[in-house]
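The values are calculated or read from the model by the stated rules, or taken from the named source; none is laboratory data. As the structure is a computational prediction, the values presented were derived from the model and not from experiment. Here the Cβ is made from the backbone with ideal geometry for all residues, glycine too, and neighbour counts use every protein chain on show.
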Amino acid sequence: MKKDLISITDLSISEIKDIFSLSSKVKKNKKKYSQALFGKTIALIFQKPSLRTRVSFEVGIKQLGGSAIYLGREEVNLGVREAVSDVAKTLSRYVDGIVARTFEHKYVVELAKYADVPVINGLSDLLHPCQALADIFTLEEKLKKVKGIRLAYIGDGNNVCNSLLHISAKLGINVNVASPMGYSPGDDTLSAARSIADTTGAKINVFFDASSAVKDADVIYTDVWTSMGQEEEREKRIEIFKDFQTNKALLSLAEKDCLVMHCLPAHRGEEITEEVIESKNSVIFDQAENRLHVQKAIMIKLLNR
Ligand code: CP
Ligand code: NVA
């Protein structure tokens, strides 16, 4: 494996499968791995808020015998208080791994470039690879096999969507993305995903209406219309995305037992209704739980290299 996990594209198909297999062992037998990272420390450099990512990494490393130090924006204001390279080089002398959540993607890349220890992307404006791994691990648990399934992503072509496209292309999952005009995933992401998809048989299609995209879907995935850092666009986005809500009517167009996913946090009543979050189709809290198990596997793989 590469030193860092910045993007799903850093991983080969067999590395993804290895992470899933270890995740499932770690999940089944927590005790067996209780010393797997004994005495190791990770630093969490977070420039944005977080519930799941922060808590699952902190609890995860503790359950593996190690510890975590949280560094919020007040402590480390990347590139403002000091150069990103100096942060990376200094932390490498103290800790065994860094988890970073940043606005600009280039900061995670730069941390990885200058750190001697593994850097894990805990979300940037561009990508959210840990989320995508936990999501597809959840689908494997629910459906046993993911190759060939049809996933419809409804909403903003954002960080979560980008990593989901990468992992789906790698694992042969067909994806229909439906977004308002101008909010589809970027051309770079689409062309990277499509060129991977060409080798695995996955089909990646972009739509501008939600109903066409969810037809025959086995899974519907959505995320907020307004991501962290875009707060001032919220009113405008609510108007632009209003026909892209995941609700009962949309679900009725998909496969009968279609699973519903959301990375959380959700804005209930905007991109997804209360009713759908709480419905039997929803696997949203299983996804959230699996962040813990999958990230434990990622840390074991990277910190024990
Ligand atoms: N899904 C996710 O990354 O949640 P947080 O922003 O709470 O970490
Ligand atoms: N797209 C969302 C994901 C949060 C986990 C954001 O970046 O805010």
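The rows are residues; the columns are (1) out of contact with any helix residue (DSSP H, G or I) (no Cβ under 6 Å at 6 or more places or on another chain); (2) more than 16 Å from ligand 1 (Cβ to nearest atom).
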| residue | (1), (2) |
| --- | --- |
| Leu253 | no, yes |
| His262 | no, no |
| Thr273 | yes, yes |
| Ser282 | yes, no |
| Phe285 | yes, no |
| Glu289 | yes, no |
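Here are some conditions: (1) within 28 Å of Leu11 (Cα to Cα); (2) of a type outside the set (Gly, Ala, Ser); (3) more than 16 Å from ligand 2 (Cβ to nearest atom). Tyr221 meets all but one. Which one does it not meet?
The single condition Tyr221 does not satisfy is (3).
Which pairs turn up if I take residues in region 131-149 that are within 16 Å of ligand 1 (Cβ to nearest atom) and look for partners that are aromatic (Phe, Trp, Tyr) and modelled with pLDDT of 95 or more with beta carbon separation below 9 Å, at least 6 apart in sequence or on another chain?
Leu133/Phe20; Asp135/Tyr221; Ile136/Phe20; Phe137/Phe20
Could you list all residues from region 34-62 that are surrounded by fewer than 21 Cβ atoms within 10 Å (Cβ to Cβ) and of a type in the set (Ser, Thr, Tyr)?
Across region 34-62, the qualifying residues are Ser34, Thr41, Ser50.
Would you mind telling me which numbered condition in (1) closer than 29 Å to Lys147 by Cβ; (2) in contact with a strand residue (DSSP E or B) (Cβ under 7 Å, 6 or more places away or on another chain) Phe57 fails?
For Phe57, the exception is condition (1).
How many of the residues in region 212-236 are away from ligand 1 (no atom under 16 Å from the Cβ), more than 25 Å from Lys144 (Cα to Cα) and touching a residue at least 24 places away in the same chain (Cβ under 8 Å)? First the steps, then the outcome.
Of all residues in region 212-236, those away from ligand 1 (no atom under 16 Å from the Cβ) come to 212-220, 232-236.
Cutting the leftovers down to more than 25 Å from Lys144 (Cα to Cα) gives us 212, 232-236.
Now narrow it down to the ones that are touching a residue at least 24 places away in the same chain (Cβ under 8 Å): 212.
So the answer is 1.
Can you find a residue in region 105-114 that is among the small types (Gly, Ala, Ser) and within 16 Å of ligand 1 (Cβ to nearest atom)? Quick ask: steps written out before the conclusion?
Of region 105-114, the ones among the small types (Gly, Ala, Ser) are 112.
Applying the additional criterion that residues be within 16 Å of ligand 1 (Cβ to nearest atom) yields none.
Scanning region 105-114, I find no residue that is among the small types (Gly, Ala, Ser) and within 16 Å of ligand 1 (Cβ to nearest atom), so the answer is no.
Filter region 246-305 down to the residues that are on the phi > 0 side of the Ramachandran plot and free of Cβ contacts under 8 Å to residues at least 12 places away in the same chain and list them by number. Can you show your working first?
As a first pass, look at region 246-305 and keep what is on the phi > 0 side of the Ramachandran plot: 264, 269.
The answer is Gly269, and nothing else.
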